[in-house]
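First the structure, in the form of structure tokens, and then the observations on it.
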Amino acid sequence: MCLLHFVGGASSHRPDELKEGLSGPAVDLMKRAFDDIDPQRLVDYHTHIVGVGAGGTGNLLNPAMRSRRHPLKYLKFSVYLSASGIKDMENADREFVLRLADQVRHIEHHGKYRLLAFDKNYNSDGTVNLEKTEFYTSNEYVFNLAAEFPDLFVATMSVNPYRVDAIEELEKWAARGLKMIKWLPNAMGISPSDPRCDPFYQRMRELDLVLLSHTGEEKAVEAEEDQKLGNPLHLRRPLDHGIKVIAAHCAGLGENPDLDSPHRRMVPNFLLFMRLMEEKKYEGLLFGDISAMTQQNRIGLPLTTLLERRDLHPRLVNGSDYPLPAINIVISTRALARAGYITREERAWLNEMYDYNPLLFDFVLKRTMKVPGAGQRLPASVFMANPDLGV
């Protein structure tokens with residue numbers, strides 16, 4: 001269990017202990033991170049809410065994740081439990097929310113965090129595929145949480161376009177004020193370039209909704225055919241419908257066939273994302289979120305490019321991808337320091353923050369990191385509500 005805690009979420013202090021526990025230099029670094037930030041516009045576009053259904057929430061977790069007969073999935077689930085601070089499975093869903101809320105409340109200028117609903121995997125005929133549904137978080141659940149914690153959270157719906165009632169569900173939550181839709185095509189079985197999505201896109205456009213769609217490889221997915229659904233080039237179809245799209249993680253992981261080439265050669269997903277970003281017709285429509293970009297497996301070309309390309313900064317938004325920042329094994333300040341994104345001193349101060357509040361750590365790290373060998377950092381605007389998105 002100690003090893004699991006070390007891998008998953010080894011914060012040994014509570015968020016409320018941070019002010020008394022941080023060293024002077026760490027406090028100074030934290031304060032500098034909020035320079036030029038308007039707290040009223042500060043936003044995290046990518047915050048996951050998950051649960052097992054404890055307390056009648058309606059949340060769903062694939063049974064394989066809780067079965068020792070599937071050791072890798074069971075281990076992953078155990079790591080998520082540790083990172084989320086869950087100790088009592090009978091109260092797991094509420095513990096997840098309260099741990100998240102506690103971290104947000106103890107960020108002095110915390111802004112709002114967009115809680116992501118997460119729809120089920122559906123077959124192309126509109127039937128639910130529970131075997132491929134890793135987890136499910138309902139629109140109702142995130143809507144109610146945002147109503148309960150209006151100073152902390154905003155709800156983001158998730159609607160699989162293959163649902164028989166997809167458009168009705170879309171209209172229902174748009175009427176209740178939800179402005180964004182979350183997809184993870186690789187896990188939900190969605191092909192964004194499927195012509196059958198056209199009526200869904202048309203209604204999205206009429207309702208002026210924004211699509212936040214995962215791009216690139218997804219570690220929760222095992223089948224190669226599912227990974228192909230994360231190809232950024234699939235997003236041409238919603239973009240051509242005039243939909244504003246945020247490409248989650250800027251497709252910073254994995255590779256996919258180049259759908260623009262007759263040879264279908266394999267190309268890094270990040271380069272396919274960059275190709276779309278550089279197309280004139282998608283300016284004002286295509287954006288990228290930087291969630292997960294500080295993880296070990298994205299250090300290098302993706303992270304450096306996003307830092308140094310000032311022309312892209314007006315089209316980047318921030319997301320924490322919580323609870324991933326609380327998983328020790330995916331975040332390595334040592335690797336970031338070795339590569340030159342942060343100094344050794346900054347690494348030590350950031351590690352102090354991590355031990356109290358992984359969400360605060362994620363924000364300060366992104367405000368601190370710079371192009372190796374240069375001083376270029378992400379501007380404050382990346383971390384505030386993007387006026388071109390309207391959400």
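The values are calculated or read from the model by the stated rules, or taken from the named source; none is laboratory data. This one's a predicted model, so the numbers in the text were calculated from it and none came from an experiment. Ideal geometry is used to build each Cβ from the backbone, glycine not excepted, and the neighbour counts take in all protein chains shown. SASA here: full protein model, heavy atoms, side chains in, ligands and nucleic acids out. Shrake-Rupley method; radii C 1.70, N 1.55, O 1.52, S 1.80 Å.
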**Item:** Computed E for residue 344/residue 88 - FRET, C-beta separation, R0 41 angstrom, nearest 0.05
**Value:** 0.55
**Prompt:** Using the alpha-carbon centroid of each, what span in Å lies between the range 366-391 and the range 104-135?
**Reply:** 25 Å
**Asked** Taking only protein heavy atoms and a 1.4 Å probe, what accessible area per residue, in Å², does the chain have with all protein chains in place?
**Response** 42 Å²
**Complete:** Taking Lys and Arg as +1 and Asp and Glu as -1, residues besides residue 377 with C-beta under 14 Å from its C-beta add up to +2
**Request:** Determine the equivalent ellipsoid of the chain by diagonalising the alpha-carbon gyration tensor, then write out the semi-axes as square roots of 5 times the eigenvalues, largest first, rounded to whole Å.
**Result:** 30, 25, 21
**Request:** Would you kindly calculate the translational diffusion coefficient of the range 210-267, applying Stokes-Einstein with the Kirkwood radius from alpha carbon pairs, for 25 °C and a viscosity of 0.890 mPa s, and quote it in µm² s⁻¹ without decimals?
**Result:** 206 µm²/s
**Item:** Heavy-atom accessible surface of the range 165-223: percent carbon and sulfur, 1.4 Å
**Value:** 45 percent
**Item:** Projected-area average for the range 242-391 over all orientations - Cα convex hull basis, square nanometres
**Value:** 9.6 nm²
**Message:** Sorting check: for 311-322, 84-95, which peptide has the highest mean count of neighbouring beta carbons within 10 Å, and how do the rest follow?
**Reply:** 311-322, 84-95
**Cα centroid of the range 225-250 to Cα centroid of the range 167-207, whole Å** = 13 Å
